[in-house]
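Structure record follows, encoded as C-alpha cells.
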Amino acid sequence: MTGPTRIDDSYEGQDQLRDQLRQLFRYRVFIVLGVVLGLLGAAALSFLGGDTYTSTGEVVVQPISTAPFEAGGVSADKQLSMGTEKQIAQSASVAVRAAKDLGETVKPAKLQRDLRVSNPPETQTLKFEYTSNSPGRAAKLVNAFVRAYLDYREESAKGRIDKTVSKLQSELKPLIKQRKVLDRQIANEIDGPSKDTDEAERGTLVTQISDSQGRISSLKSLDTTPGDVVRKGEPPAFPSGPGLTMLLIIGGVVGLAAGILAAWIRSVLEPRVRSVADVQANLRAPVLGILPRNPGGEDLLVVGRTRNNNLAEAYRTIAFRLVHDQRFAGRSSLLVVAPRENANAAAVAVNLAGAFTEIGNDVLLVEADLRSPELAQRLPVHGARSQDESQSWPEGHRLAVDAGEAGEYGLVPGLRVPNVARVLSSPQVTRMLATPADPNESVVVVTQPLLSHADGLAVAKRVDGVLIVCDLQEVRRDDLDRVWELITGAGGRILGAVLDKGSGRRSLWRALDGGPSYRKSRRGGSGPSTQYTRPMPRADRFPDGSQAYDADDEVSAGPRDNGLMTFRG
C-alpha cells in the first residue's frame, strides 16, 4: 500500500511565508497609512521643531604637578586623568563660571543640558560641543565653557600651590629664628666643645632652611597654565542633526514597521475567512467557483439572457462542475443556501437552474422561502398560480421561467404559510424532491439563510447535495463550522461552496479592507480541504477576464468557447 506523498519542508516554508505576506498585504491600507503618518511626522518634526546648531571647541590639557610638588615625584603624564578632567568640564562649578562670564542669570543646570564633552581615545584633548537654536549663541556658549574650564583648573592649581607655599613658609620661620639665636651664641662663645656643637647644629639648620627655600622657589616657578585652546568655537554654517531627507527616511522606515505591525494585529484578530483555503478548511468541501463582482446588477437571471457576461460564464462553469462531479453525478436534487443574509443564494439557484436547462436538463426550481418569497416578482415568468385554496403548497403552484436562449424551466414560487417547518417536512415536499428519476431531471431548491432560520435543515436531509453560497466579504469561520455541523448532523451532504464577491462596495471600504486572498490550499496537505476528487481538468486563464475557480489551483477564467464546456446541443 502506497503511503502519502511527503512534501519537502523547504517548499512548505516558502508556502507559509507567501501566505503570511498575503495576509499582511490584504490590509495594505494599514501599511500605507503607517508610512504616510511616519513621513508626515518626520516633516512636522523638521519644520515645527526648528533648526539646531552645534559649535565645537577643543582644548589640549596640560598636566600640573600636585603635592608634594617634587621634581622626582610621580611623572606628569600619570598625574593627569582625562576621565576626571571630563567630569570637571561638565561640573556645575564650571557651568556657574560660564554663566557669570556671559552675564546671564540662567540656571547652571539649564546650561549644562545642551553641553557635551568628549575625550578622543589616546589623546589629552577635551572636545566641547554646545547645541543651541542659533549659531552665534552656540559659539558664544562653547567658548564660555572652554574659558570657564581653563580658569577653574588654573585657579585650582594656584590655590594648591599657594597653600603649600604658605605651609612651607610657616615651617621656615622658626628655623630662621633658631638660626639667628645660634649665630648670637656662637659669636659670644670661645673655642671649645660647646662652640663646636652649636656650629654643627647651625649647619643642620642652614641645610633645612636651604631645602625649604628651594622648594618654595620651585613651587613659585611652576607653570600653572591648564591647557591650550587648539580650536575656538565658531558659528556653524549649517544646522546640526539629521536633515529633512534623513528625517523622512527614518519616518518612512518607522511608519512602515508600525504599519506592518498594525496589519499583522488586524489579520490575527480577523474572524472572517480571508482565502479560498480557509473556506475549504472550515467547510470541509471544495470551492466550486468564485462569482465576479456585479456592481449595480438588477437582473437576477443572467444565464441565457445576457451575452458575453463574465457572471453568466461563472454560473455555467459551476453547473459544469456539478454535472461532472462524481459525488453528484446521477443525483437530481440540490439545495442552495447561504449561511447568513449577506450572500445572494437566490441568484445562484436561479442561474444554476438556467445553466442546467441550457445543457438539456429538465429543471424545477423550488423557492422554499415561505417567509418572504420574491422570485415570482423578480423573474420573467408566465403561467398562472392555482386558485384552488384547498391545495397546499407546493401542489398546484407552478410557473415557467423564461431563461431566454437557455430555454424554460419550472418554478415553484414561495408562499407565505403560518407554519414553515411543518410545510417543509410534509410528504408533499418529500415527494417533490424525490420525483426526478432520470439524471437529466433536476430539482434546485433555495431557502432562507441557514443560520437565520432552520428551514434549510428540513430540506438538506431530503436532497442529494447542498451548495453553500458565501459572501467573501462577510462570511466568518465560525459560521462555516456551524453550517458544516448542522448539515452533516441532519444527514445532509455538502457538495461545495460558491464564493460571491457581492455587488461591489464603497471604494473607501475596499481600501480599508484589502479583501480575501484567493490563494490555493497546499498540495498534499492533510486538511479536509484536499479530501475530495477534482471533477474537471484545470482551466486556464483567458484574456477576457471571465473566471472559474478550480479547487486545486488559483482563480482561472474562460469564455464559453474555451473548449472545456459546451452547454448547447
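The values are calculated or read from the model by the stated rules, or taken from the named source; none is laboratory data. Because the structure is predicted, anything quoted here is derived from the model rather than measured. Neighbour counts run over all protein chains shown; Cβ positions are idealised from the backbone, glycine included.
Descriptive notes on the structure:
- Flag: GLU441 does not match the condition of being within 21 Å of VAL498 (Cα to Cα) and either surrounded by fewer than 22 Cβ atoms within 10 Å (Cβ to Cβ) or not polar (S, T, N, Q) (or both).
A quick yes/no check of all residues on (1) more than 30 Å from GLU129 (Cα to Cα); (2) in the same structural domain as LYS140 (by TED's automatic domain parsing); (3) assigned to a helix (DSSP H, G or I); (4) touching a strand residue (DSSP E or B) at 6+ places or on another chain (Cβ under 7 Å):
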residue: LYS163; (1), (2), (3), (4): yes, yes, yes, no
residue: GLN169; (1), (2), (3), (4): yes, yes, yes, no
residue: LEU172; (1), (2), (3), (4): yes, yes, yes, no
residue: ASP211; (1), (2), (3), (4): yes, yes, yes, no
residue: ASP223; (1), (2), (3), (4): no, yes, no, no
residue: VAL254; (1), (2), (3), (4): no, no, yes, no
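- The set of residues in segment 190-232 being in contact (Cβ under 8 Å) with a residue 24 or more places away in the chain and among the basic types (Lys, Arg) consists of ARG215, LYS220, ARG231, LYS232.
- Selection within segment 115-136 - within 30 Å of SER46 (Cβ to Cβ) and either touching an Asp or Glu at 6+ places or on another chain (Cβ under 8 Å) or crowded, with 16+ Cβ neighbours inside 10 Å (or both): LEU115, ARG116, VAL117, SER118, LYS127, PHE128, GLU129, TYR130, THR131, SER132, ASN133, PRO135
- Check on GLU341, touching a residue at least 40 places away in the same chain (Cβ under 8 Å) and part of a loop (DSSP other than H, G, I, E, B): yes
- Scanning segment 37-55 for residues that are of a type in the set (A, V, I, L, M, F, W, C), in contact with a helix residue (DSSP H, G or I) (Cβ under 7 Å, 6 or more places away or on another chain) and under 15 Å from GLY259 (Cα atoms), we see that the one that is surrounded by the most Cβ atoms within 10 Å (Cβ to Cβ) is LEU39.
- Residue within segment 177-188 that is modelled with pLDDT under 80, of a type in the set (A, V, I, L, M, F, W, C) and not in a helix (DSSP H, G or I) present: no
- Sole residue being assigned to a loop (DSSP other than H, G, I, E, B), surrounded by 15 or more Cβ atoms within 10 Å (Cβ to Cβ), at negative phi and outside the structural domain of VAL60 (by TED's automatic domain parsing), chosen from PRO236, PRO242: PRO236
- On inspection, GLN178 does not qualify as touching a helix residue (DSSP H, G or I) at 6+ places or on another chain (Cβ under 9 Å), closer than 30 Å to PRO226 by Cα and assigned by TED's automatic domain parsing to the domain that holds THR225.
- Unique residue being closer than 21 Å to ALA319 by Cβ, surrounded by 14 or more Cβ atoms within 10 Å (Cβ to Cβ) and of a type in the set (Gly, Ala, Ser) when the list is ALA460, ALA454: ALA460
- Qualifying residue in segment 79-91 (condition: farther than 14 Å from GLY227 by Cβ, among the charged types (D, E, K, R) and outside any loop (DSSP other than H, G, I, E, B)): no
- Qualifying residues in segment 245-296 (those that are at pLDDT below 90, small (Gly, Ala, Ser) and under 12 Å from the mean Cα position of the chain (by Cα)) - the one nearest to VAL348 (Cα to Cα): SER267
- Just one of the numbered conditions (1) surrounded by 21 or more Cβ atoms within 10 Å (Cβ to Cβ); (2) in contact (Cβ under 8 Å) with a residue 40 or more places away in the chain; (3) outside any loop (DSSP other than H, G, I, E, B); (4) of a type outside the set (Lys, Arg) is not true of VAL302: (3).
- Which listed residue, of PRO236, PRO271, is within 30 Å of LEU126 (Cβ to Cβ), touching a helix residue (DSSP H, G or I) at 6+ places or on another chain (Cβ under 9 Å) and in contact (Cβ under 8 Å) with a residue 40 or more places away in the chain: PRO236
- Boolean, ARG422 is in the same structural domain as VAL475 (by TED's automatic domain parsing), more than 19 Å from ALA490 (Cβ to Cβ) and basic (Lys, Arg): no
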